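The values are calculated or read from the model by the stated rules, or taken from the named source; none is laboratory data. This one's a predicted model, so the numbers in the text were calculated from it and none came from an experiment. Cβ: placed from backbone, ideal geometry, glycine included. Neighbour counts: every protein chain shown.
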Amino acid sequence: MNAGSFAIDINKIRDGQRSSQADAVAVEEPLEIRLGFSTPDGRAVKSISITMRTPGFDEELATGFLFTEAIIHAADDIAGIDVCGPPAPDSGNHNVIRVELQGNVEVDLGRLQRHFYTTSSCGVCGKASLDALRVTGQKPMSGMDVTFSEGVLVAMPDRLRSRQTTFEQTGGLHAAGAFNNDGDIVACMEDVGRHNAVDKVIGRLLLDGKLPATELGMMVSGRASFELMQKTLVAGMPLLAAVSAPSSLAVQLAREFNMTLIGFLRGNTFNIYSGDERICL
């Protein structure tokens, strides 16, 4: 077992027969993200998010969350990231991470008045609004000549699945992966929350100096929601592909910002909901 799963004894029913056996389930624990920043009165610390997530890559998760929420704009905005207290299961603090911003980073205190309480199912509550993106100055993705072939796209679900080590044990995690038009996955993350998996990928890309990722696409194992579309847009990625359906607001966002949105990517078929010009058959 790895950090994303734990063993449990279960009773399994098959053909009317009961049997006892060991099984693995995905770990889901809360993570509190605290932000340290400068004010006219000195340094301040504020709790800005509580999200249910799979432990692991918490630094990437916090970084990606802060970036996609427009609280930071570059990796250099971060002075340090620390787990609060010893990472021991009985300490209570191993699920708290503190991100210290550089002294010259301006923080919108009004924006932080809204606490971001999230769950593994719905993402950040109350964020399904295109107005939020317009306010932060996001521009349509025009002039990007990157294209993705049909062959690369139809191979991506299996390539992503092959990287899902915890899913193979538990069957209970979502995955997200950033990939180039050669079909290479450059970052892949798992989590009980699909939005967390995407934040972890974006956080890794930001820490590696690879944002905006104008030459990469994002692949997700579930549906394409507005929030996943928004995160992909903020990361500068022109394409989001999903194995399941998109929401109406995800389609609206993709079309307004000239992004490519792929849904029902299964086997050798997929639907193009926006940005057909980036797909080569």
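Does residue 198 satisfy the criteria of being within 30 Å of residue 21 (Cβ to Cβ), of a type in the set (Val, Ile, Thr) and under 16 Å from the mean Cα position of the chain (by Cα)? I'd like the intermediate steps shown before the answer.
On the way: within 30 Å of residue 21 (Cβ to Cβ): no; of a type in the set (Val, Ile, Thr): yes; under 16 Å from the mean Cα position of the chain (by Cα): yes.
In short, no.
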Test set (1) free of Cβ contacts under 8 Å to residues at least 24 places away in the same chain; (2) buried (at least 20 other Cβ atoms within 10 Å of the Cβ) - residue 63 fails condition number: (1)
Residue in region 252-275 that is farthest from residue 215 (Cα to Cα), counting only those that are surrounded by fewer than 18 Cβ atoms within 10 Å (Cβ to Cβ) and of a type in the set (A, V, I, L, M, F, W, C): 264
One residue from 217, 203 being small (Gly, Ala, Ser), buried (at least 22 other Cβ atoms within 10 Å of the Cβ) and within 11 Å of the chain's Cα centre (by Cα): 203
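Looking only at residues in region 66-92 that are of a type in the set (A, V, I, L, M) and closer than 21 Å to residue 196 by Cβ, which one is modelled with the lowest pLDDT? Break it down into steps so the answer makes sense when it comes.
Residues of region 66-92 that are of a type in the set (A, V, I, L, M), as a first pass: 66, 70-72, 74-75, 78-79, 81, 83, 88.
Checking the rest, the ones that are also closer than 21 Å to residue 196 by Cβ come to 66, 70-72, 75, 78, 81, 83.
Values: 66: 94, 70: 88, 71: 91, 72: 94, 75: 97, 78: 98, 81: 96, 83: 84.
Among those residues, the one meeting the criterion is 83.
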Which listed residue is at negative phi, aliphatic (A, V, I, L, M), modelled with pLDDT under 90 and not assigned by TED's automatic domain parsing to the domain that holds residue 108, from 48, 10: 10
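Test residue 104 against the stated conditions and say whether it is at pLDDT 85 or above and part of a loop (DSSP other than H, G, I, E, B). Write out each step before concluding.
On the way: at pLDDT 85 or above: yes; part of a loop (DSSP other than H, G, I, E, B): yes.
Against the criterion (at pLDDT 85 or above and part of a loop (DSSP other than H, G, I, E, B)), residue 104 qualifies.
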Residues (assigned to a helix (DSSP H, G or I) and touching a strand residue (DSSP E or B) at 6+ places or on another chain (Cβ under 6 Å)) located in region 230-273: 232, 250, 251, 254, 255
Residue list for region 17-55, restricted to those being crowded, with 17+ Cβ neighbours inside 10 Å, under 15 Å from residue 81 (Cβ atoms) and among the β-branched types (Val, Ile, Thr): 33, 48
Residue match in region 167-175 (condition: outside any helix (DSSP H, G or I) and modelled with pLDDT of 85 or more): yes
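Restricting to region 176-201, give me the number of residues that are part of a helix (DSSP H, G or I) and touching a Lys or Arg at 6+ places or on another chain (Cβ under 6 Å). Walk me through how you get there before you give the answer.
Narrowing region 176-201 to residues part of a helix (DSSP H, G or I): 194-201.
Keeping just the survivors that are touching a Lys or Arg at 6+ places or on another chain (Cβ under 6 Å) gives 196, 198.
Count: 2.
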Unmet criterion (only one of (1) surrounded by 12 or more Cβ atoms within 10 Å (Cβ to Cβ); (2) under 24 Å from residue 175 (Cβ atoms)) for residue 7: (1)
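Condition test on residue 232, is it among the hydroxyl-bearing types (Ser, Thr, Tyr), touching a residue at least 12 places away in the same chain (Cβ under 8 Å) and over 15 Å from residue 195 (Cα atoms)? So that I can check it myself, show each step before the final result.
On the way: among the hydroxyl-bearing types (Ser, Thr, Tyr): yes; touching a residue at least 12 places away in the same chain (Cβ under 8 Å): yes; over 15 Å from residue 195 (Cα atoms): no.
For residue 232, the condition - among the hydroxyl-bearing types (Ser, Thr, Tyr), touching a residue at least 12 places away in the same chain (Cβ under 8 Å) and over 15 Å from residue 195 (Cα atoms) - is not met.
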Filter result for residue 227 (more than 16 Å from residue 66 (Cα to Cα) and acidic (Asp, Glu)): no
